[in-house]
């Protein structure tokens, strides 16, 4: 009835969340294998009343599975995943290693999941800040057309992994207790601070995170001409990325039509009644795995320009959930 | 040699900072009077090796001064300041009460300080998030022309006063110690969270903070036609507002020319070498009272569009420092 499935990088923030989601969503698994680096070998992870023992990842001895869900670091993925790839396997990669490869589909299932039909090989899961934005952009683009996006992201530290999370908490405590500031993970302290720098910088002075948003959004929406102007900022929040977006649509619009368009999307929750303190909150994304959208309003000067503010759980829809949804879509299109 | 000067609202975050700055900058004061609400009456504030006793504010018994520096709440200012106003007095108001009055100059001294020549009466100090933005926009506008501004602010809690600061620290500690989240000052918790809502909301779904940025920027720059699209977000930072800005200039530009233009402004520090982890930091504004500017880069698609990111101390340049600089400018233009 089910399939054999393996999780690579099973002990990281995203890997653990993937395993939790496979259980929560009752994904049809016969055998689940969990792999990680030698350091985590022997750890046990709960899955459906069983304890899965984490094995050291060795491509020569890896279990034969139909689907591999990988959240290994990019540099490791680059080497390991092609070794695992075979004609009858789907490998869903959460890293950035293959996202821009022409032959690799970059998937947000509700937008371009049809590309998975009869597909085998590596499938790329987009960057966390890209996913939640395209979830909102896609229906707007379909209905009103889309010309340009200006976005400032406010990204939580969990996007940098478990150690960054611990650093935020430790730095915060140190500051509260001793008034002392130290940089335990990033180049500068993150506790009670803001860092307008995510990932390394390109020669054009954009950060790699910003360039990912540009390239990946264009690829997912099949819009190489789309104008995107991103600024990515790290903020002292545990989970949940928020994004302040200004979009130039293809035509004039009524705000109510925008609201209805977004309310029709199952993965979106419109939280937009600021007069009653209702708007997307970063901390709400810990409990709600949809992309929260609010602060909808027209530009004060340009009739085709819309503002919105969205927030989503970067570990769930931004990573693990989207990966599991890709796996679900693979099964679904295979059955047809 | 000096003048008689009074500080109204002397025990608040901004009032205390004004008194500190008057001393630091050696402002020529003969007599300093300090006023606050009845609750703070009798408190003592250090000023130049003396202790000033805070008196209850009563317009009938207020000391006769040449300059009054007020950081009272807007609703109080509205009533009290016109009662104090006289032909020979300058009243510098930090609240929003009179900012949009046609007859009241709204001043950032290095931009439009010349309006203070021979002026007596109420002078308005702009909103904190407006000041640091116009400090950067003005030289760009002078050199390259300015058509449109899109800005997302990330504003520290000190902008909401002493109690908000205490709430952030208390909420943070509660969360670290007990994993508990409570909203001690805003409608929602601010610790480890983001609130895209500052001040009340207008019918057009913009917050009052956002509308302040639009109206005040247009007034200060004498540009009623300037397009401004702001989104204001409260972030869990103690001091320092940061702003992610995209500006459409009047003509094409070289990035180096932008950098040189900004480097020439005494109130600006260009911190722009992201490859070496150099960019504006919110926490740096506790030590540096200039407006920090960085992340300078051209739009990827439009040749007249520039991005920058700035940060400034909302209590200093965003409030107390600008107010004291207005007072200094008043003395300077009076001497001519």
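Using a Gaussian network model of chain A with C-alpha springs under 10 Å, which one of A:133, A:100, A:213 is most mobile by mean-square fluctuation?
A:100
Quick check on chain A: of the DSSP beta bridges with both residues there, what percent are antiparallel, nearest 5%? Don't skip to the answer; put the middle values down first.
Values: 28 of 60 bridges.
Here the share of antiparallel DSSP bridges comes out near 45 percent.
If every alpha-carbon in the protein assembly as shown counts as one equal scatterer, what log10 I(q)/I(0) does Debye give at q = 0.07, 0.12 1/Å?
At q = 0.07, 0.12 Å⁻¹ the computed log10 ratios are -0.49, -1.25.
Within 10 Å of each residue's Cβ, count the other Cβ atoms and sort B:11, B:285 from fewest upward.
Sorted ascending by nearby Cβ count, the order is B:11, B:285.
Could you calculate the contour length gain from residue B:64 to residue B:263, that is, 0.36 nm times the residue separation minus the distance between their Cα atoms, to one decimal place in nm?
67.5 nm
With just the Cα atoms of chain A, tell me how far they stretch along each of the three principal axes, in Å, largest first.
62, 60, 42
As a check on your grasp of the helix formula, calculate [θ] at 222 nm for the protein assembly as shown: sum -39500 (n - 2.57) over DSSP H runs of n ≥ 4, divide by the residue count, round to the nearest 500.
-9000 deg cm²/dmol
Using alpha-carbon positions, what is the distance between the centroids of segment B:190-221 and segment A:73-121, in Å?
Comparing the Cα centres of segment B:190-221 and segment A:73-121, I get a distance of 43 Å.
Along each of the three principal axes of the Cα atoms of segment B:69-145, give the extent in whole Å, ordering the values from largest to smallest.
Between the extreme Cα coordinates on each principal axis of segment B:69-145 lie 43, 26, 19 Å.
Hey, which residue of B has the C-beta nearest the axis mapping B onto A, and what's the distance in Å?
Taking the axis that maps B onto A, the answer comes out as B:152, 2.
I need the semi-axes of the equivalent ellipsoid of segment B:109-205: take the C-alpha gyration tensor, multiply each eigenvalue by 5, square-root it, list largest first in whole angstrom.
36, 17, 13
In whole Å, what are the extents of segment B:1-154 along the principal axes defined by its C-alpha atoms, from largest to smallest?
Ordered largest first, segment B:1-154 gives principal extents of 51, 34, 30 Å.
Can you tell me which of B:221, B:140, B:176 moves the most in a GNM of chain B? Springs connect C-alpha atoms under 10 Å apart.
Highest fluctuation of the listed residues: B:176.
In nm to one decimal, list the spacings between the residue B:87 label point and its equivalents in the other copies, with label points set 7 Å along Cα to Cβ, shortest first.
Once sorted, the set of distances for residue B:87 reads 10.0 nm.
Restricting the count to DSSP beta bridges whose residues both fall in segment B:1-130, what percent are antiparallel, rounded to a multiple of 5?
Working: 4 of 25 bridges.
Of the beta bridges lying entirely in segment B:1-130, close to 15 percent run antiparallel.
Using the Kirkwood radius over C-alpha pairs as Rh, can you work out the diffusion coefficient of segment B:19-94 via Stokes-Einstein at 4 °C, viscosity 1.567 mPa s, in µm² per second?
Result for D is 97 µm²/s.
When chain A is treated as a GNM, springs tying every alpha-carbon pair under 10 Å, which of A:123, A:258, A:151 comes out with the largest mean-square fluctuation?
Comparing A:123, A:258, A:151 in the GNM, the peak value goes to A:258.
Quick one: Cα centre-to-centre distance for segment B:1-37 and segment A:288-336, in angstrom?
Centre-to-centre (Cα) distance: 51 Å.
Note down, for segment B:130-314, the three equivalent ellipsoid semi-axes (square root of 5 times each alpha carbon gyration tensor eigenvalue), biggest first, whole angstrom.
Square roots of five times the eigenvalues give 31, 19, 13 Å.
Nearest 5 percent is fine: what portion of the DSSP beta bridges confined to segment A:130-314 is antiparallel?
Details: 24 of 35 bridges.
Expressed as a percentage, antiparallel bridges in segment A:130-314 total about 70.
We did not get these values from a lab; they are worked out from the coordinates using the rules stated. Just so it is clear, the model here is predicted, and its values are computed rather than measured. FYI the Cβ positions are ideal-geometry reconstructions off the backbone, even for glycines, and counts take in every protein chain you see.
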